[in-house]
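Notes follow the structure.
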Amino acid sequence: MGQRLISVTENPCKMCFPLGVVTAFYGLARAMNLLHGSQGCGTYIRRHMATHYNEPIDIATSSLSEEGAVFGGEKNLHKGLRNLIKLYDPEIIGVSTTCLAETIGEDLPGSLKRFRDSNPGLKARLIPVNAPGYGGTHFEGYWRGLKAILAGLDLDPTPHGGVNVIAGPISPADARHLRDVLAAALPGHTLFPDISDNLDGAFNPVYDRLPRKGTTVSRIVRMAGASATLELSLFAPPEDSPGAYLEKAYGVRLLRLAPPVGLSLTDAFMTALAELGGVIPARALEERGRLMDAMADSHKYSALGRAAIFGDPDFVHSMACLAAENGLSTALAATGSKSAAFRAVTKKALGPAFGIGQEPVVADSADFALIESLCRKTGANLLVGSSEGRRLAQRENIPLVRCAFPCHDHVGGQRVRTMGYGGSTALLDRMVNELISAEEESFRGELKATHFRPRSADGADDGLRVPTTGDDQAGPSERWITTSPTFTGSEPDLAPWGLPGAAGRAAAGLTDDHPCFGLKAAHGRSRLHLPIAPGCNVSCNYCRRDMDCPNESRPGASSALLGPAEALERFREAKRTLPNLGVVGFAGPGESLNRPETLFETMELIRREDKDVALCLSTNGLALPFHVAELRRLGLSHLTVTVNADKPATAAKIYAWADHFGQRYRGREAAELILNNQMAGIRAAKALGLAVKVNTVLIGGVNEGEVLAIAKKMAAAGVDIGNVMPHIPIAGTAFGHLKAPGAAKIRDLRFACGAHLPQMTHCRQCRADAAGPLGQDQRFWAQSEAPPPPVAPGDGAFKVAVISKSGVMVDSHFGQAERVYVFESDGRSTRLLEIRKVGERSGPCSCGRGPGARKTDKTQGFIERLVQSLLDVDAVVALRIGDSPKTIFKKYGIRCYTAMDSLENAAKAAASSLVEANSGHEGPDLPQSLALA
Amino acid sequence: MAEVKNEILAKYKAKVFKGRKDHILEVDRSKEQVIAANARAIPGIMTNRGCCYAGCKGVVLGPLKDTLVLTHGPIGCGFYSWGTRRNKARSGPDGSNYVQYCFSTDMQEPDIVFGGDKKLKKAIEEGYAIFKPKRIMICSTCPVGLIGDDIHAVAAWAESEFGITCVAFSCEGYKGVSQSAGHHIANNGLMKRIIGTDDSDYPARYKVNLLGEYNIGGDGWETERILKKIGYSVVAVFTGDGALSDIARSHKADLNLVQCHRSINYVAEMMKSAFGTNWLKVNFIGLKAIAQTLRNIAEFFGESQVKERTEEVLEEEMAAISGDLGYYRERLSGRKAAIFVGGSRSHHYQDLLRDFGVTTVLAGYEFGHRDDYEGRRVIPDIKEDADSKNIENLVIDKDIRYRAILSPERAEELRATIGLENYEGMIKDMEDGTYVVDDLNHYETEAFVKFLKPDIFFSGIKDKYVIQKAGVLSRQLHSYDYSGPYSGFRGSLIFGQDLTMGLYAPAWKLIKAPWAAREGGEPLAPKGGEEDHA
């Protein structure tokens, strides 16, 4: 979705105000927090911070209940303060409101005053902070907390010449770095706050529940007398900036700098320290040199980067500066905070993007839904931010450098360094290494697309061989095809069996061999559709998924699925039966390229059997660009792509979703993906010399207006023929209520389109298992509605039980039988007597051979029942059969065979073996496909 | 040992002392012991409890995969309850899976001042436009109830506007005394609006629902695997990897299996009243517990083939893990554990620990009620306080689809033999001299670790680091420290492995720097390590 949503936040990129306040107080010595509100606020924030910092986080609450919400919470607040003081004895307590306290209108300063009055000996300083959860993000909360500390203490304005350094919400490791740099460079400074030890303590068996490190109250009190304040934030809200407060109330000069991340910003920080009277240690120059070295080392990789940076405003801005000075483009800089200043300043800092020819996007008030869609739009290939980007990283397959709060799924969030020359070096290395990894791990997919050769017949590996599925296909460069792949140089290698006749002719632009492509062939040549494709990667709104794909086939029909071996068997049978079989098509029942392995295997089998038959394929085109080269190599000559829309908005109405590389896309995204990939696939197919037909399902009231545009676009892409098909509404589909377009409408449109693209006017919208010339379908296989008339076997015929799931091949272990086909055969002619259904069973195959075979009483019972039901036959044929059924059959004189053949052949072979055995001539000469079990 | 309790309480002010003393007891099974529970947390003492919203949205509704759960409130609550409980879920048959998402109305100051229902409506419109969900659940946070947003009216509007199911839950954080109130509110909503709304046929035998299984780390999947292996059909899971479309027909089940008693016993009881569905307290954590549970379920159905199949599966599953089990037991036997979590787990995990020879010296619930400690028989004696009264107790009438599958005599018999519709609580399973502490707080955790010296402390992230830095192994039983599943036969081994790797981690031996001067004596390191030769 590209549109900016106003009211629903989908996957937030910010946390709540009080979390920021609490973090600020964690940088003070002997400080505790108390949230005035529901105890859930304390629990949630503790949970959240503890997971990041891996430190105990103690946040007290006033545990307001419904009574407190109605009658006021002061009693609870006072009780909470008393208990907190008794148990922890803190020197300073941040008392913050929450959504609840703010909404019921608690008078916090008044309440604290009353507490002080009734506890005269009170040593702890109480700092009230207005912290409604709806007052901004944790970032703004942090600054509100710091300012409240200054405003809530009696500061001492006596000048002392020291410098205040105010740190934003940074990692403890960065805070420690600042502390060390300042200790060396700027004596007499005050670092405020300093979370380095309180939120990243050492292993210490003696747990000190009161955080004792951090900035002390006595130092904070002296901040009003400093000579200057260096505030390391550009985006602290002016009204809550502690530096601005000190300047306004005590006249302390304020200097604002971005957090020192990267070379330029660290240079600026060091320069500022020097200007403020600091002495820059010589070590800093060495560290700067090392960072320069790192930048030079990595520049060639940095330039590959298009970073999406998200998080707090200062973090994002500084990271973008670091990226920019390394030639690493920032595609997207986004913050969850609302900040016009962030947008303006960051935009300026970025300038034009480096190398991607488009303006970087800067967004505030962003959620992850927006960030994700912008990542796609801008082609980001590196995520920089908190662990909350991990879902996006997984979905989009973009590496994520976790270097911001919160880090929930990795360890070490508290130890992340980003600041100073050293921290920047470590961070730059991490970012660049992610880019290198992404590059190195995706190149195989690209190599495969251009250099892959299948294994040759003798099994020798004559080419690069990589897995056909796996993550390497989903590398960033392939993930989102928006332009057609280019095929330069010579034609891709064909399969070892050479250029088949039909394919060769198609390559020369001839389409007459195919009944759907050439009018001449339409009535003369037969075609056979092989239903081998299960499932689909696209959901069309006119489709019912339990039936055949309506893009090519007649809607409402459903065809049984075949495996490659069964498909070959059906091809052989069709060749025997059908006159003039010229074309074998793959058109369903689902999407052929959804599971391309099955398709490839079938094509290979058929091509080995028959070099001349034309192979054609129908597809929705989503996966086409990734497989078209392979299809061509396997001898595909004709291709049909169903293109139903010109504009994404229309396509979005037609397709509910699309599954692509493990990710489900919806709406406009799905629409754009489908249309782009279709075009890329079609162009590639034409570049490879395939004959291409484009089907368009005319859906009344949905895409009528675009049919002509589609035809023009396709003609421009070199498509050979178009086919406008009427939408046939099917009940139970989203378009089930629409009216089918009339014949006149179809005729008119075909005529109009014909001016640009030749039209197929003889479409019959076949079934996915159609066979024969167009309009004269025949079916001839076992489950057909009208089986061929059986030939009665002669006397002495045997009854043979054959185990099969598909009804085409002997394809089942005995113990996995679902159906038993009982034939009568004398070894010459064979007839199907009956099909016996076998009851449901559970558990693994128990024939003793199947995967996970295991004997239990229950499966044993199933086998026994099955055996009992077959005691009337003379022989049993199965793919495999275990010892226990065999023993029983043997007892009854029933022979068991194993076979891998068509049902009829297997039955015939078994009968013939029985004839031999009965005549006493049994020898080793069983048919090749049959074995005595 | 009574001095442990006294010494810990001594630190408190008189009023806190009075408030806390009844929440701590030393087990003495010769007596009928009473514990104070489900009382308001005392302000300022760092309770580990969450809020009503956490119980409703975070626990019960969060794991549902086929519904868009929209938090109505400022951003924090939605963010903090986003994916943090590790409820795993596979996409449903329609491809929807909302578990990875977080939706919030992100209320701002003007929404608080002028009312947030307009924004809520708009958010639903937008959410519907993007995701086309069939179901939307609205959960409110603290300010919503106070500013008077009528989320129930908005839900009704959404239903008629989009033709979807939309249910609103008034689970403002301040309601009740802990997340427990939120469980109850969620249970009520499911009962009123979802359960029993799909009457299509469910042709299967031995149909059960799994209640109070949230599929943390995949627990529910292992449990379902076992149930299905025996031959049970799981109609609906409340709510781990669960779907409201399944819950809509959960009244078709013959038996409700209650894993987490605290969070879901309301549904079990209400379904009993409305549909006659019997319920049984089960435990799939711990091997002896699972065996007992499976035998109880088989006994409920009473058929010999179910019983035989149960024994078969038990034998097979135990045979498959016995080798590893022995290895881990040898390594873990004799250790001491403390457990402080939730409203059920502190009991469940004692069974599993016992399988490994580990004694539980301290156990407590964060938000349990007295019946979770003492058994359901005390329910009539529990005094309803102001906080509990605020949570609606639904009056459930018999539905016309009520069907009792047991004769009254058989039901009575099963009550006695397998504890049908009963839960006897945690205390009766604990040893004399061990401690039970309700709503343990930060300070008490520290103090008990010091006094009882457990080898392992099972708790949550909030107290994990207090314990770990004291040199005591700490494992989170809310999120399993990114491990799991711990349920079922296979989960037991993962649990054993996690404990073993934790106790025998080489790091514990390296705490002291050899060159550093001794100060303050030896650190508290867990026993173990030295004898590890594996």
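List of remarks:
- Here B:Gly83, B:Gly95 are screened, and the one residue that is over 24 Å from A:Ser62 (Cα atoms) and out of contact with any helix residue (DSSP H, G or I) (no Cβ under 9 Å at 6 or more places or on another chain) is B:Gly95.
- The residues of region A:891-933 that are charged (D, E, K, R), at pLDDT 85 or above and not in a strand (DSSP E or B) amount to a single one, A:Lys908.
- Flag for A:Glu91 being among the acidic types (Asp, Glu), in contact with a strand residue (DSSP E or B) (Cβ under 9 Å, 6 or more places away or on another chain) and modelled with pLDDT of 95 or more: yes
- Residues located in region B:458-472, provided they are farther than 15 Å from A:Ala50 by Cβ and surrounded by 23 or more Cβ atoms within 10 Å (Cβ to Cβ): B:Phe458
One line per residue, one yes/no per condition, for (1) free of Cβ contacts under 8 Å to residues at least 24 places away in the same chain; (2) surrounded by fewer than 24 Cβ atoms within 10 Å (Cβ to Cβ); (3) among the β-branched types (Val, Ile, Thr):
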| position | (1), (2), (3) |
| --- | --- |
| A:Gly311 | no, no, no |
| A:His317 | no, no, no |
| A:Arg343 | yes, yes, no |
| A:Lys377 | no, yes, no |
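- Reported count of residues in region B:405-456, each being free of Cβ contacts under 8 Å to residues at least 40 places away in the same chain and either within 14 Å of chain A (Cβ to nearest Cβ) or in a loop (DSSP other than H, G, I, E, B) (or both), is 3.
Residues are listed down the side, and each one gets a yes or a no for (1) touching a Leu at 6+ places or on another chain (Cβ under 8 Å); (2) facing chain B (nearest Cβ under 9 Å); (3) not small (Gly, Ala, Ser):
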{"site": "A:Val21", "(1), (2), (3)": "no, no, yes"}
{"site": "A:Ala24", "(1), (2), (3)": "yes, no, no"}
{"site": "A:Ala31", "(1), (2), (3)": "no, no, no"}
{"site": "A:Ala50", "(1), (2), (3)": "no, yes, no"}
{"site": "A:Tyr53", "(1), (2), (3)": "yes, yes, yes"}
{"site": "A:Asp58", "(1), (2), (3)": "no, yes, yes"}
{"site": "A:Glu66", "(1), (2), (3)": "no, yes, yes"}
{"site": "A:Thr98", "(1), (2), (3)": "yes, yes, yes"}
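- Strands (runs of 3 or more DSSP E) lying entirely in region A:215-319 (those with 1 or more residues that are not assigned by TED's automatic domain parsing to the domain that holds A:Gly379): A:228-231, A:253-256
- Residues in region B:357-396 that are within 14 Å of chain A (Cβ to nearest Cβ), in contact with a Ser or Thr (Cβ under 9 Å, 6 or more places away or on another chain) and without any contact (Cβ under 8 Å) to a residue 40 or more places away in the chain: B:Ala386 only.
- Matching residues, region B:327-345, being modelled with pLDDT of 95 or more and either out of contact with any strand residue (DSSP E or B) (no Cβ under 8 Å at 6 or more places or on another chain) or part of a loop (DSSP other than H, G, I, E, B) (or both): B:Tyr327, B:Tyr328, B:Arg329, B:Glu330, B:Arg331, B:Leu332, B:Ser333, B:Gly334, B:Arg335
- Hey, B:Thr71 under 24 Å from A:Arg391 (Cα atoms) and either hydrophobic (A, V, I, L, M, F, W, C) or at pLDDT 95 or above (or both) or not: yes
- Taking region B:80-94 as the range and being surrounded by fewer than 17 Cβ atoms within 10 Å (Cβ to Cβ) and under 18 Å from B:Tyr486 (Cβ atoms) as the test, no residue passes.
- The set of residues from region B:56-88 being part of a loop (DSSP other than H, G, I, E, B), facing another protein chain (nearest Cβ under 9 Å) and of a type outside the set (S, T, N, Q) comprises B:Gly73, B:Pro74, B:Trp82, B:Gly83.
- Region A:197-243, residues that are in contact (Cβ under 8 Å) with a residue 60 or more places away in the chain and small (Gly, Ala, Ser): A:Gly201, A:Gly214, A:Ala224, A:Gly225, A:Ala226, A:Ser227, A:Ala228, A:Ser233, A:Ala236, A:Ser241, A:Gly243
- Failed criterion for A:Leu84 (all others in (1) in contact with a Gly (Cβ under 8 Å, 6 or more places away or on another chain); (2) without any contact (Cβ under 8 Å) to a residue 12 or more places away in the chain hold): (2)
- Screening B:Ile230 against (1) closer than 24 Å to B:Ile136 by Cα; (2) out of contact with any Gly (no Cβ under 9 Å at 6 or more places or on another chain); (3) modelled with pLDDT of 95 or more leaves a single unmet condition, (1).
- Looking only at residues in region A:128-150 that are hydroxyl-bearing (Ser, Thr, Tyr) and over 15 Å from A:Gly27 (Cβ atoms), the one that is surrounded by the most Cβ atoms within 10 Å (Cβ to Cβ) is A:Thr137.
Yes or no, residue by residue, for (1) within 14 Å of A:Leu84 (Cα to Cα); (2) at the interface with another protein chain (Cβ under 7 Å from one of its Cβ atoms); (3) touching a Ser or Thr at 6+ places or on another chain (Cβ under 8 Å); (4) not in a loop (DSSP other than H, G, I, E, B):
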| residue | (1), (2), (3), (4) |
| --- | --- |
| B:Val4 | no, no, no, yes |
| B:Tyr12 | yes, no, no, no |
| B:Gly19 | no, no, no, yes |
| B:Ala41 | yes, yes, yes, no |
| B:Ala54 | no, yes, yes, yes |
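- Among the residues listed as B:Ser160, B:Ser170, B:Ser200, the single one being of a type in the set (S, T, N, Q) and within 14 Å of another protein chain (Cβ to nearest Cβ): B:Ser170
- Qualifying residue in region A:204-212 (condition: surrounded by 20 or more Cβ atoms within 10 Å (Cβ to Cβ) and either more than 14 Å from chain B (Cβ to nearest Cβ) or under 24 Å from A:Pro313 (Cα atoms) (or both)): no
- Verdict on A:Asp180 being within 21 Å of A:Pro90 (Cα to Cα) and either modelled with pLDDT of 95 or more or surrounded by fewer than 22 Cβ atoms within 10 Å (Cβ to Cβ) (or both): no
- Checking B:Glu413 against (1) more than 30 Å from B:Asp28 (Cβ to Cβ); (2) of a type outside the set (Val, Ile, Thr); (3) modelled with pLDDT of 95 or more; (4) under 21 Å from the mean Cα position of the chain (by Cα), the condition it does not meet: (4)
- Any hit, region B:358-370, residues being in a loop (DSSP other than H, G, I, E, B) and touching a Leu at 6+ places or on another chain (Cβ under 6 Å): yes
- Residues satisfying the stated conditions in region A:68-81, i.e. closer than 27 Å to B:Met107 by Cβ and either more than 8 Å from chain B (Cβ to nearest Cβ) or touching a Gly at 6+ places or on another chain (Cβ under 6 Å) (or both): A:Val70, A:Phe71, A:Gly72, A:Gly73, A:Glu74, A:Asn76, A:Gly80
- Filter pass, B:Val144 being touching a residue at least 40 places away in the same chain (Cβ under 8 Å), over 23 Å from the mean Cα position of the chain (by Cα), within 11 Å of another protein chain (Cβ to nearest Cβ) and at negative phi: yes
- Hits in region A:248-273 - residues which are touching a residue at least 12 places away in the same chain (Cβ under 8 Å) and more than 15 Å from A:Leu232 (Cα to Cα): A:Ala249, A:Tyr250, A:Val252, A:Leu263
The values are calculated or read from the model by the stated rules, or taken from the named source; none is laboratory data. Predicted model only: the values in this text are computed from it and were never measured. Cβ atoms come from the backbone with ideal geometry, glycine included; neighbour counts cover every protein chain shown.
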